[in-house]
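Peer 1: Got a structure for you, questions after.
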Amino acid sequence: MPALIEWIRHTPVSWFVLNYGWVWPISESVHFCGLTLMTGTVGLFDLRLLGVGRGISPRSLHRLLRFGVAGFALSVITGTLFIAGTPEQYFYNAAFKVKVTCLFLIGCNVILFYSLEFKRVAQLGPDDDAPLAAKWMAGASLVLLTCVMCAGRMLTFFRPPF
Amino acid sequence: MMALFVWIEQSALSVWVRESPSLLAFPFILFLHTLGLALLAGISVALDLWLLMGAARARRIATRGLFRAMWLGFAINALSGVVLLAAYPAKALTNWVFYTKMVLILLALLALEATRREVFDEARPGDTIVVTSRARALAIASLAFWAGTILTGRLLAYTYVILLASDPP
């Protein structure tokens with residue numbers, strides 16, 4: 001791990017993050033915009049599967065998920081900048097490990113959803129109830145998104161001492 | 001004004017939020033503020049995008065549940081925001097970025113309410129949603145207001161002049 005941290009610290013990206021004062025605050029703002037896009041669109045889709053906002057076809061809300069993917073991409077890019085800037089603050093941070101684990105579980109949940117439930121959900125009409133398995137996946141998605149936000153906010157408080 | 005800030009900073013709530021080592025103090029309140037953002041701005045942004053992308057000619061829907069979720073987000077953010085403000089009153093109230101954020105939140109909420117009346121009001125005639133040019137303009141404005149709110153919210157941490165009135169620089 002120390003070798004990896006040392007390598008990251010010598011990359012041009014790390015230099016860029018640490019030598020321009022505006023990079024960190026602007027990246028944080030973009031990170032939060034990405035978070036809002038992702039949780040908003042994915043969360044709305046999840047809520048519909050759970051029965052809130054019935055009357056909207058899940059297929060119609062599914063079209064919004066491309067913005068959720070864009071939000072996730074923004075968060076990953078800016079998150080990478082943070083890690084490039086101060087890698088030791090993340091690699092030795094328990095909250096960061098929880099956050100990454102939750103993101104991994106979200107990825108597994110997405111794969112499960114598209115493999116097992118998406119075809120049935122795509123055929124639902126505006127007033128139809130989602131299958132039980134899809135509801136469980138939507139619930140898991142909301143819980144995991146909340147955990148990602150919580151762990152993300154706790155990062156500062158689990159940082160190793162400088 | 002500084003005397004008022006000092007008085008707030010010395011209150012039990014302010015000291016607890018600022019100095020308690022408990023994760024339920026400052027860290028948890030910050031998390032609540034993010035959760036409220038996700039509920040209020042997240043759903044609002046998703047509805048804006050839905051109006052701009054796919055709502056035209058969709059059947060009129062009962063959005064009461066969604067608006068309740070957004071108002072719950074607002075309540076969480078208003079309460080957690082007041083507690084965060086109590087922790088560092090001078091940091092926010094001596095910074096023009098804070099007031100810009102407040103104005104942007106107000107504009108976003110006004111746009112949300114105007115959208116509700118324009119598009120989702122259940123008293124409106126007709127069975128289908130009509131996305132008027134006004135509704136589109138409101139959705140675009142709402143997206144801009146929320147982006148501005150997030151930007152100014154994050155910049156608060158970097159633009160303050162005074163952190164604590166009781167401990168001036």
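Please treat every number below as a calculation from the coordinates, not as lab data. Everything numeric here is computed off the predicted structure, so don't read it as measured data. When we count neighbours, we look across all protein chains shown, and the Cβ atoms used for this are built from the backbone with ideal geometry, even at glycine.
Peer 1: Angle check, please: helix B:133-159 long axis (alpha carbons) against the longest principal axis of chain B (alpha carbons), in degrees 0 to 90, nearest 10.
Peer 2: Between helix and principal axis, roughly 10 degrees.
Peer 1: Starting from 0 in steps of 5 Å, tell me what percent of the Cα-Cα pairs of chain B lands in each bin.
Peer 2: Going out from 0 Å in 5 Å bins, chain B shows 1, 9, 15, 18, 16, 12, 9, 7, 6, 4, 2, 1, 0 percent.
Peer 1: What is the average number of partner chain Cβ atoms found within 10 Å of a Cβ in A:24-30? Let's see the in-between values first.
Peer 2: Details: counts 3, 7, 4, 1, 7, 8, 4.
Averaged over the peptide's residues, the number is 5.
Peer 1: Still on this structure, I have one more. Output needed for the protein assembly as shown: three equivalent-ellipsoid semi-axes, defined as square roots of 5 times the C-alpha gyration tensor eigenvalues, in descending order, whole Å. Please list the in-between numbers first.
Peer 2: Values: eigenvalues 250, 136, 63 Å².
Three semi-axes, in Å: 35, 26, 18.
Peer 1: How about segment B:88-169: which GluC sites (Glu not before Pro) there are in a DSSP loop, with at most 12 other Cβ atoms within 10 Å of their Cβ? Numbers along the way, then the final one.
Peer 2: Working: sites: B:Glu113, B:Glu118, B:Glu122; in loops: B:Glu122.
When the GluC sites (Glu not before Pro) of segment B:88-169 are filtered for loop state and at most 12 Cβ neighbours within 10 Å, B:Glu122 remain.
Peer 1: Note down the net charge around B:Tyr88, summing +1 for each Lys or Arg and -1 for each Asp or Glu among other residues with Cβ under 10 Å from its Cβ.
Peer 2: Numbers: positive: B:Arg18, B:Lys91; negative: B:Glu9.
Taking every other residue near B:Tyr88 into account, the sum is +1.
Peer 1: Then there is this: Quick one: which residues, 5+ away or cross-chain, put their amide H under 5 Å from the amide H of B:Arg59? H built at 1.01 Å from N.
Peer 2: It is B:Ile129, by chain and number.
Peer 1: What's the center-to-center distance, using Cα atoms, between segment A:41-114 and segment B:103-169 in Å?
Peer 2: 23
Peer 1: For peptide A:15-22, compute the average count of partner chain beta-carbon atoms within 10 Å of each residue's beta-carbon. List each step's numbers first, then the result.
Peer 2: On the way: counts 0, 0, 0, 0, 0, 0, 1, 1.
Counting other chains' Cβ atoms within 10 Å and averaging over A:15-22 gives 0.
Peer 1: Then there is this: Take each uninterrupted DSSP H stretch in chain A, measure its Cα extent along the helix axis, and return the ones at 24 Å or beyond whose mean Kyte-Doolittle hydropathy is at least 1.6. Working shown, then result.
Peer 2: On the way: long enough: A:23-49 (38 Å, 0.89); A:65-85 (30 Å, 1.63); A:94-112 (27 Å, 1.83); A:132-154 (33 Å, 1.38).
Membrane-span-like by this rule: A:65-85, A:94-112.
Peer 1: Give me the orientation-averaged projected area of the Cα convex hull of chain A, in nm², one decimal. Before the final figure, lay out each step's value.
Peer 2: Values: hull surface 40.6 nm².
For chain A, the mean projected area of the Cα convex hull comes to 10.1 nm².
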